[in-house]
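Trainee: One structure is given below, represented as C-alpha coordinates, and several questions about it will come after.
The values are calculated or read from the model by the stated rules, or taken from the named source; none is laboratory data. These numbers come from a predicted model, not from an experiment. Note that we place each Cβ from the backbone using ideal geometry, even for glycine, and neighbour counts take in every protein chain shown. Just the protein is used for accessible areas: all its heavy atoms, side chains included, with ligands, DNA and RNA removed. Shrake-Rupley method; radii C 1.70, N 1.55, O 1.52, S 1.80 Å.
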Amino acid sequence: MIISPSILSADFSCLEREIKAVERAGADWIHIDVMDGNFVPNITIGSCVVESIRKVANIPFDVHLMINEPEKHYKSFARAGADIITVHVEATNSLYRVIEGIKEHCKAGVAVNPATSLRAVENIVDEIDLLLIMTVEPGFGGQKFIEKMIKKVEEAKKMIGSDIYLAVDGGVNENNAPMLRKAGANVLVSGSYIFKSKDYEKAIKKLRE
Ligand code: DX5
Ligand code: ZN
(Lines give C-alpha, C1' and ligand atoms only; values in the text may rest on other atoms or scores of the structure.)
(Ligands and ions follow the chains in the order given, each with its own letter.)
Protein backbone atom coordinates (compact mmCIF):
# COMPACT_ATOMS: atom_id res chain seq x y z
CA MET A 1 0.00 0.00 0.00
CA ILE A 2 1.39 3.35 -1.06
CA ILE A 3 0.69 6.26 1.28
CA SER A 4 0.73 9.68 -0.35
CA PRO A 5 0.25 12.51 2.18
CA SER A 6 -1.42 15.57 0.65
CA ILE A 7 0.53 18.67 1.62
CA LEU A 8 -2.63 20.75 1.17
CA SER A 9 -3.21 20.16 4.88
CA ALA A 10 0.43 20.80 5.87
CA ASP A 11 1.64 24.04 7.44
CA PHE A 12 2.60 26.08 4.35
CA SER A 13 4.85 28.35 6.41
CA CYS A 14 7.29 25.46 6.82
CA LEU A 15 6.80 23.08 3.92
CA GLU A 16 10.35 21.75 4.04
CA ARG A 17 9.93 20.69 7.66
CA GLU A 18 6.52 19.16 6.95
CA ILE A 19 7.79 17.19 3.95
CA LYS A 20 10.81 15.89 5.84
CA ALA A 21 8.58 14.92 8.75
CA VAL A 22 6.27 12.78 6.58
CA GLU A 23 9.26 11.27 4.80
CA ARG A 24 10.69 10.23 8.16
CA ALA A 25 7.25 8.98 9.17
CA GLY A 26 7.21 6.52 6.26
CA ALA A 27 5.38 8.32 3.44
CA ASP A 28 5.93 6.77 0.00
CA TRP A 29 4.98 9.76 -2.17
CA ILE A 30 4.10 13.40 -1.65
CA HIS A 31 0.68 14.36 -3.06
CA ILE A 32 0.55 17.93 -4.38
CA ASP A 33 -2.89 19.46 -5.01
CA VAL A 34 -2.87 22.07 -7.75
CA MET A 35 -6.12 24.08 -7.98
CA ASP A 36 -6.96 26.88 -10.39
CA GLY A 37 -10.03 28.61 -8.94
CA ASN A 38 -11.87 27.54 -12.09
CA PHE A 39 -12.14 23.75 -12.31
CA VAL A 40 -12.49 23.92 -8.53
CA PRO A 41 -13.33 26.95 -6.36
CA ASN A 42 -9.98 27.05 -4.57
CA ILE A 43 -6.52 28.26 -5.70
CA THR A 44 -3.47 26.52 -4.25
CA ILE A 45 0.00 25.60 -5.52
CA GLY A 46 1.85 26.54 -8.72
CA SER A 47 4.83 24.93 -10.43
CA CYS A 48 7.33 27.32 -8.81
CA VAL A 49 6.44 25.88 -5.40
CA VAL A 50 6.85 22.35 -6.77
CA GLU A 51 10.28 23.28 -8.13
CA SER A 52 11.39 24.67 -4.76
CA ILE A 53 10.19 21.77 -2.63
CA ARG A 54 11.67 19.27 -5.10
CA LYS A 55 15.08 20.38 -3.85
CA VAL A 56 14.33 19.38 -0.28
CA ALA A 57 12.33 16.18 -0.84
CA ASN A 58 13.58 12.69 -1.66
CA ILE A 59 10.43 10.73 -2.46
CA PRO A 60 8.31 10.89 -5.66
CA PHE A 61 5.96 13.81 -6.29
CA ASP A 62 2.40 12.82 -7.13
CA VAL A 63 0.95 15.98 -8.69
CA HIS A 64 -2.85 16.21 -8.85
CA LEU A 65 -3.93 18.87 -11.34
CA MET A 66 -7.43 20.13 -10.51
CA ILE A 67 -7.28 22.66 -13.32
CA ASN A 68 -9.15 23.25 -16.55
CA GLU A 69 -7.23 22.69 -19.78
CA PRO A 70 -4.32 20.83 -18.17
CA GLU A 71 -2.77 20.67 -21.66
CA LYS A 72 -1.64 24.26 -21.09
CA HIS A 73 0.23 23.58 -17.87
CA TYR A 74 1.38 19.99 -17.44
CA LYS A 75 4.81 20.72 -18.95
CA SER A 76 5.70 23.29 -16.30
CA PHE A 77 4.88 20.76 -13.57
CA ALA A 78 6.89 18.07 -15.35
CA ARG A 79 9.86 20.42 -15.57
CA ALA A 80 9.42 21.34 -11.91
CA GLY A 81 10.06 17.70 -10.99
CA ALA A 82 6.73 15.85 -10.93
CA ASP A 83 7.06 12.06 -11.04
CA ILE A 84 3.36 11.43 -11.69
CA ILE A 85 0.94 13.97 -13.13
CA THR A 86 -2.77 13.26 -12.79
CA VAL A 87 -5.36 15.22 -14.77
CA HIS A 88 -9.15 15.18 -14.49
CA VAL A 89 -11.23 13.53 -17.17
CA GLU A 90 -13.76 16.37 -16.69
CA ALA A 91 -11.18 19.10 -17.32
CA THR A 92 -10.08 18.56 -20.91
CA ASN A 93 -11.44 17.80 -24.37
CA SER A 94 -8.18 16.20 -25.46
CA LEU A 95 -7.43 13.61 -22.81
CA TYR A 96 -5.50 11.31 -25.14
CA ARG A 97 -3.20 14.09 -26.25
CA VAL A 98 -2.59 15.26 -22.68
CA ILE A 99 -1.81 11.74 -21.46
CA GLU A 100 0.57 11.11 -24.35
CA GLY A 101 2.24 14.46 -23.64
CA ILE A 102 2.66 13.77 -19.93
CA LYS A 103 4.14 10.33 -20.64
CA GLU A 104 6.99 11.96 -22.56
CA HIS A 105 8.11 13.35 -19.19
CA CYS A 106 6.82 11.17 -16.35
CA LYS A 107 4.02 8.83 -15.29
CA ALA A 108 0.45 9.81 -16.17
CA GLY A 109 -2.77 9.47 -14.20
CA VAL A 110 -6.44 10.26 -14.73
CA ALA A 111 -8.83 11.33 -11.96
CA VAL A 112 -12.62 10.96 -11.86
CA ASN A 113 -14.95 13.08 -9.74
CA PRO A 114 -17.53 11.36 -7.51
CA ALA A 115 -20.38 12.00 -9.95
CA THR A 116 -18.41 10.92 -13.03
CA SER A 117 -19.01 7.40 -14.30
CA LEU A 118 -16.08 5.03 -14.81
CA ARG A 119 -17.28 4.72 -18.39
CA ALA A 120 -15.66 8.10 -18.99
CA VAL A 121 -12.22 6.49 -18.58
CA GLU A 122 -12.71 3.00 -19.99
CA ASN A 123 -11.16 4.00 -23.33
CA ILE A 124 -8.05 5.48 -21.75
CA VAL A 125 -7.13 2.94 -19.04
CA ASP A 126 -4.69 1.13 -21.32
CA GLU A 127 -2.69 4.34 -21.69
CA ILE A 128 -2.36 5.40 -18.05
CA ASP A 129 -0.19 4.52 -15.06
CA LEU A 130 -2.67 5.54 -12.37
CA LEU A 131 -6.44 5.89 -11.96
CA LEU A 132 -7.54 8.22 -9.17
CA ILE A 133 -11.02 7.84 -7.72
CA MET A 134 -12.11 11.02 -5.94
CA THR A 135 -13.88 10.13 -2.71
CA VAL A 136 -14.90 13.76 -2.07
CA GLU A 137 -15.79 16.59 -4.44
CA PRO A 138 -12.37 18.10 -5.27
CA GLY A 139 -11.51 21.56 -4.01
CA PHE A 140 -10.75 21.38 -0.32
CA GLY A 141 -9.07 19.24 2.30
CA GLY A 142 -10.91 17.96 5.35
CA GLN A 143 -14.18 16.92 3.68
CA LYS A 144 -16.27 13.89 4.55
CA PHE A 145 -15.57 10.64 2.72
CA ILE A 146 -18.38 9.61 0.34
CA GLU A 147 -19.11 5.99 1.35
CA LYS A 148 -20.73 5.18 -1.97
CA MET A 149 -17.33 5.45 -3.63
CA ILE A 150 -16.19 2.11 -2.14
CA LYS A 151 -18.31 0.35 -4.74
CA LYS A 152 -16.79 2.50 -7.46
CA VAL A 153 -13.30 1.51 -6.31
CA GLU A 154 -14.33 -2.17 -6.57
CA GLU A 155 -15.63 -1.61 -10.09
CA ALA A 156 -12.51 0.31 -11.05
CA LYS A 157 -10.34 -2.54 -9.79
CA LYS A 158 -12.22 -4.99 -12.00
CA MET A 159 -11.82 -2.66 -14.95
CA ILE A 160 -8.09 -1.95 -14.64
CA GLY A 161 -6.65 -5.18 -13.21
CA SER A 162 -3.37 -4.96 -11.36
CA ASP A 163 -1.02 -3.28 -13.83
CA ILE A 164 -1.87 0.29 -12.93
CA TYR A 165 -2.12 2.10 -9.62
CA LEU A 166 -5.60 2.53 -8.19
CA ALA A 167 -5.59 5.62 -5.99
CA VAL A 168 -8.25 7.18 -3.77
CA ASP A 169 -8.32 10.78 -2.59
CA GLY A 170 -10.54 12.60 -0.14
CA GLY A 171 -11.56 11.95 3.45
CA VAL A 172 -9.30 8.91 3.76
CA ASN A 173 -8.70 7.91 7.38
CA GLU A 174 -8.05 4.89 9.61
CA ASN A 175 -11.75 3.92 9.51
CA ASN A 176 -12.18 3.66 5.75
CA ALA A 177 -8.63 2.61 4.81
CA PRO A 178 -9.27 -1.14 5.44
CA MET A 179 -12.39 -1.06 3.23
CA LEU A 180 -10.53 0.80 0.51
CA ARG A 181 -7.72 -1.72 0.57
CA LYS A 182 -10.25 -4.56 0.38
CA ALA A 183 -11.96 -2.84 -2.55
CA GLY A 184 -8.65 -2.84 -4.43
CA ALA A 185 -7.07 0.57 -3.82
CA ASN A 186 -3.27 0.47 -3.62
CA VAL A 187 -2.55 4.19 -3.21
CA LEU A 188 -4.13 6.13 -0.34
CA VAL A 189 -3.92 9.91 -0.56
CA SER A 190 -4.53 11.49 2.81
CA GLY A 191 -4.29 15.12 3.88
CA SER A 192 -5.98 16.19 7.06
CA TYR A 193 -5.93 12.76 8.71
CA ILE A 194 -2.12 12.75 8.59
CA PHE A 195 -1.25 16.43 8.94
CA LYS A 196 -3.79 17.21 11.66
CA SER A 197 -2.62 14.26 13.74
CA LYS A 198 0.01 14.74 16.43
CA ASP A 199 2.06 11.76 15.35
CA TYR A 200 2.54 11.43 11.57
CA GLU A 201 4.27 8.08 11.88
CA LYS A 202 1.42 6.57 13.83
CA ALA A 203 -1.15 7.97 11.39
CA ILE A 204 0.68 6.57 8.36
CA LYS A 205 1.09 3.21 10.07
CA LYS A 206 -2.62 3.05 10.85
CA LEU A 207 -3.51 3.77 7.23
CA ARG A 208 -1.19 1.01 6.11
CA GLU A 209 -2.41 -1.62 8.58
C1 DX5 B 1 -9.19 17.45 -2.52
C2 DX5 B 1 -7.73 17.10 -2.75
C3 DX5 B 1 -7.22 16.14 -1.75
C4 DX5 B 1 -7.20 16.65 -0.35
C5 DX5 B 1 -7.34 15.50 0.56
O6 DX5 B 1 -9.63 18.25 -3.54
O7 DX5 B 1 -7.55 16.54 -4.02
O8 DX5 B 1 -5.95 15.63 -2.11
O9 DX5 B 1 -6.04 17.34 -0.01
O10 DX5 B 1 -7.47 15.96 1.85
P11 DX5 B 1 -8.25 15.14 2.96
O12 DX5 B 1 -7.51 13.87 3.13
O13 DX5 B 1 -8.22 16.05 4.13
O14 DX5 B 1 -9.65 14.92 2.43
ZN1 ZN C 1 -5.61 15.46 -4.41
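Trainee: Taking the Cα centroid of the stretch 136-172 and of the stretch 41-75, what is the distance between the two, rounded to the nearest whole Å?
Mentor: 21
Trainee: By average Cβ neighbour count within 10 Å, what is the ranking of 118-128, 14-24, 85-95 from highest down?
Mentor: 85-95, 14-24, 118-128
Trainee: I've got another one for you. Hey, what's the stretch 1-73 come to in accessible area per residue, 1.4 Å probe, Å²?
Mentor: Per residue, the stretch 1-73 has an accessible area of 42 Å².
Trainee: So what's Rg/Rh here for the chain, counting alpha carbon atoms and using the Kirkwood radius for Rh?
Mentor: 0.93
Trainee: Give the lysines reachable from LYS158 as a straight Cα distance under 16 Å; neighbours fewer than 8 places away on the same chain don't count.
Mentor: LYS182
Trainee: Another question about this same structure. What are the equivalent ellipsoid semi-axes of the stretch 1-87, built from the alpha-carbon gyration tensor (square roots of five times its eigenvalues), in whole angstrom, biggest first?
Mentor: Largest first, the stretch 1-87 gives 21, 13, 12 Å.
Trainee: Compute log10 of I(q)/I(0) for the stretch 102-209 with the Debye formula, placing one identical point scatterer on every Cα and leaving out solvent, at q = 0.24 Å⁻¹, to two decimals.
Mentor: The Cα Debye sum returns log10 ratios of -1.33.
Trainee: Grab the DSSP H runs of the chain that are 4 residues or longer, score each as -39,500 (n - 2.57), total them, divide by all residues and round the 222 nm result to the nearest 500 deg cm²/dmol.
Mentor: Theoretical 222 nm ellipticity from helices: -8500 deg cm²/dmol.
Trainee: If the chain between TYR96 and GLU147 were fully stretched, how many nm would it gain, using 0.36 nm times the residue separation less the Cα-Cα distance?
Mentor: Here the segment from TYR96 to GLU147 would lengthen by 15.3 nm.
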